[in-house]
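Take a look at the structure set out below.
Read-outs: derived from the displayed coordinates by stated rules, not from any lab. Everything quoted here is computed from the prediction, not taken from an experiment. Heads up, the Cβs are rebuilt from the backbone with ideal geometry, glycines too, and the neighbour counts pull from every protein chain shown.
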Amino acid sequence: MPRKSKKQPDFETALAELETLVTQMEAGDISLEESLKLFERGVSLTSNCQQALTEAQQKVQILLQKTEQAQAEDFEANA
């Protein structure tokens, strides 16, 4: 069954799941088939994390560009 219809986890959830997968695989007490399934899931989670990081980086760059383009205005007190 493909997991494409399932909602992708957020960055923190995906990263935590990746850490769990790595721990399970490093323990070495799972079958080759299960290792391959975990590896496949890990590749998918890594891709999701990379995409989230790229999007965050782009947002930061846009915000920095907006900040650089903003012009300072004189403050006039209405007193």
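Observations, loosely collected:
- Cross-link reach list, aspartates and glutamates versus LYS7, counting only Cα pairs under 19 Å and skipping chain neighbours closer than eight places: GLU17, GLU40, GLU55
- For region 11-67, size of Cβ-based charge dipole, Lys and Arg +1, Asp and Glu -1, in debye: 500
- Rg to Rh quotient for region 11-67, alpha carbon positions, Kirkwood Rh: 1.22
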